[in-house]
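Heads up: the structure comes next, in structure tokens.
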Amino acid sequence: KFSKVIAQRRINELNRELLTTDSDAEKNICKTRIARLSGNITKVKIGLSNKYEIIEQRQKVEKALNTIRSSLEEGILPGGGSFYLYLREEILNWSYMNLIGDEFFASTIINNALVRPFQELFNNINFSGIQILESLMQ
């Protein structure tokens, strides 16, 4: 009978094989087998009426999958305006140390502008988002 222990043992063997192989094709086969054994495979069923819609939807799905693959390989960047919040904190710290007078005033205007995309996201869904904004800024 197939159990999780046997699957984990096979996954470990495939990981060792993945480290030793040089061929890209063999690496892809090993990654696919590891994903199947670990349960990380997802099937997406899409029902459409004509060939044009099928082709268009397939391209969208492939583009999304490629985006997910690249983000897993290269790391995931924060989105939804949260990047600007992190940037805002860095600019604020830098401006306290390096700017005076009108320059500092201009940096505060920029800091307020960097929060705006995040606020707009929540305004679009009729949600204040103050708690989330505060938790992201900490």
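The values are calculated or read from the model by the stated rules, or taken from the named source; none is laboratory data. These figures come from a predicted structure and were not determined experimentally. A quick note on method: Cβ atoms are made from the backbone with ideal geometry, for glycine too, and the neighbour counts reach across all protein chains shown. Side chains included, ligands, DNA and RNA excluded: accessible areas come from the protein's heavy atoms. Shrake-Rupley method; radii C 1.70, N 1.55, O 1.52, S 1.80 Å.
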>> Can you tell me how many residues within the stretch 1-12 are open to solvent by 60 Å² or more (accessible area, probe 1.4 Å) and more than 11 Å from residue 33 (Cα to Cα)?
In response: 8
> Of the residues 91, 46, 100, which single one is surrounded by fewer than 12 Cβ atoms within 10 Å (Cβ to Cβ), aliphatic (A, V, I, L, M) and modelled with pLDDT of 80 or more?
Replying inline: 100
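Considering only residues of the stretch 1-40 that are assigned to a helix (DSSP H, G or I) and of a type in the set (Asp, Glu), which is farthest from residue 73 (Cα to Cα)? Let's see the steps before the verdict.
The first filter runs over the stretch 1-40 and keeps only residues assigned to a helix (DSSP H, G or I), leaving 4-20, 24-38.
Restricting the remaining residues to those that are of a type in the set (Asp, Glu) gives 13, 17, 24, 26.
Working: 13: 22, 17: 19, 24: 15, 26: 18 Å.
The selected residue is 13.
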